[in-house]
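Undergrad: Quick one: the structure is below, and I'll ask about it shortly.
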Amino acid sequence: MTEAVHIADLLWNAQQRRKPCPPVRERFEGKTDQAQTALAYAVQQVNVARHLSAGRRVVGRKIGLTSPAVQKQLGVDRPDFGALLDDMAIVDGEPIDTSRLLQPKVEAEIALVLGRDLTRERHTVADLIGATAHALAAIEVVDSRVADWNIRYVDTVADNASAGLFVLGTQPVALANLDLAGLMMRMSQGEETVSQGNGAACLGNPLNAARWLADTLVQLGTPLKAGDIVLTGALGPMATVKAGQTYTAQIDGFAPVRAIFS
């Protein structure tokens, strides 16, 4: 745990000082892949616990590395996850103070809001559908405490899966009214398209990503609960944020959702 705290300090101080730090992966060298992953999540939990002790609360989870292209880039074959805290949530149309962030990027996603707990050792897609109260369009504002986004798997896991903020749309849609794998996404900044993709870009279907998360969290003893928000993963490439700009995500079946940066 001492080792995890030392690594967590680097990422915590980078955020507090508003200055990204070098990659932390060199501190994981010499360990097996399994040991590296366990240490990276222990680092993540240290800093999440610091936020909780300051009065924040966990409102859900985000899934990262759901794109095969990004997995290949980082040399991994699995997604990762991080915690969503209450003060990360932004209402559609609410201005975002860019100074809160270090190196923000945006990506459009499908958010699931759960109506039931997910506590089985192995879930089916039907379990996920039955447990989901509704879906929302979302823009995740990803951020990295690691300088220049020079990250590999353990860097981003330790850094709470590069979580920053998230904007939820305000139109809840039942899963029965959506083709999650086939829906199309376009994100624009003004008239310029900055990202586009579809539901299949997220592990073939956002429900596949959510199922992986539900199973993983049960194994860790922290299952998803009713009311939790699950950001299922990017539907297209990340776009770098420019201060003073508005990013609008249009996802089939949903009203547009906006991230407005002051």
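Undergrad: Hey, can you tell me all the residues within the range 177-191 that are more than 21 Å from the chain's Cα centre (by Cα), farther than 17 Å from T232 by Cα and touching a residue at least 60 places away in the same chain (Cβ under 8 Å)?
TA: N177, the sole residue that qualifies.
Undergrad: I'm trying to understand the selection: among the residues of the range 97-153, which are acidic (D, E) and within 30 Å of N177 (Cα to Cα)?
TA: Scanning the range 97-153 gives E107, E109, D117, E121, D127, E140.
Undergrad: Tell me which residues, restricted to the range 26-49, are of a type outside the set (A, V, I, L, M, F, W, C), under 20 Å from the mean Cα position of the chain (by Cα) and under 14 Å from Y153 (Cα atoms).
TA: Within the range 26-49, T37, Y41, Q44 meet the criteria.
Undergrad: Among the residues of the range 70-117, what is the count of those that are of a type in the set (A, V, I, L, M, F, W, C) and farther than 26 Å from A226 by Cα?
TA: 7
Undergrad: Being surrounded by 13 or more Cβ atoms within 10 Å (Cβ to Cβ), of a type outside the set (D, E, K, R) and either touching a residue at least 40 places away in the same chain (Cβ under 8 Å) or touching a Lys or Arg at 6+ places or on another chain (Cβ under 6 Å) (or both): is that true of P95 here?
TA: no
Undergrad: Which one is nearest to N208 (Cα to Cα), of the residues in the range 110-144 that are within 19 Å of the chain's Cα centre (by Cα) and of a type in the set (G, A, S)?
TA: Checked the range 110-144; the qualifying residue nearest to N208 (Cα to Cα) is A111.
Undergrad: Follow-up question, since we're still on this one. Looking at the range 206-262 only, could you name the residues that are among the acidic types (D, E) and either open to solvent by less than 60 Å² (accessible area, probe 1.4 Å) or within 14 Å of the chain's Cα centre (by Cα) (or both)?
TA: Within the range 206-262, D215, D228 qualify.
Undergrad: Here's a follow-up. How many residues are small (G, A, S) and within 14 Å of T232 (Cβ to Cβ) if we restrict to the range 57-116?
TA: The qualifying residues number 6.
Undergrad: Mind checking which residues of the range 151-183 are open to solvent by 30 Å² or more (accessible area, probe 1.4 Å), part of a helix (DSSP H, G or I) and of a type in the set (G, A, S)?
TA: Within the range 151-183, A176 is the sole residue that qualifies.
Undergrad: With among the acidic types (D, E), more than 25 Å from V5 (Cβ to Cβ) and modelled with pLDDT of 95 or more as the only criterion, which of D77, D117 stands out?
TA: Answer to the selection: D117.
Undergrad: Would it be correct to say that E121 is surrounded by 18 or more Cβ atoms within 10 Å (Cβ to Cβ) and of a type in the set (D, E, K, R)?
TA: It is false that E121 is surrounded by 18 or more Cβ atoms within 10 Å (Cβ to Cβ) and of a type in the set (D, E, K, R).
Undergrad: Here is a further query. For the range 217-233, indicate whether the set of residues that are part of a helix (DSSP H, G or I) and not polar (S, T, N, Q) is non-empty.
TA: Yes.
Undergrad: Inside the range 184-193, can you point out the residues that are in contact with a Phe, Trp or Tyr (Cβ under 9 Å, 6 or more places away or on another chain) and surrounded by 24 or more Cβ atoms within 10 Å (Cβ to Cβ)?
TA: Matches in the range 184-193: M187 only.
Undergrad: All but one of (1) closer than 23 Å to I90 by Cβ; (2) more than 17 Å from the chain's Cα centre (by Cα); (3) not charged (D, E, K, R) hold for A147; which doesn't?
TA: (1)
The values are calculated or read from the model by the stated rules, or taken from the named source; none is laboratory data. The shown structure was predicted, so the numbers you read here are calculated from the model rather than taken from an experiment. Glycine gets a Cβ as well: all are built from the backbone with ideal geometry, and neighbour counts include every protein chain shown. All accessible areas refer to the heavy atoms of the entire protein, side chains included, with ligands and DNA or RNA removed. Shrake-Rupley method; radii C 1.70, N 1.55, O 1.52, S 1.80 Å.
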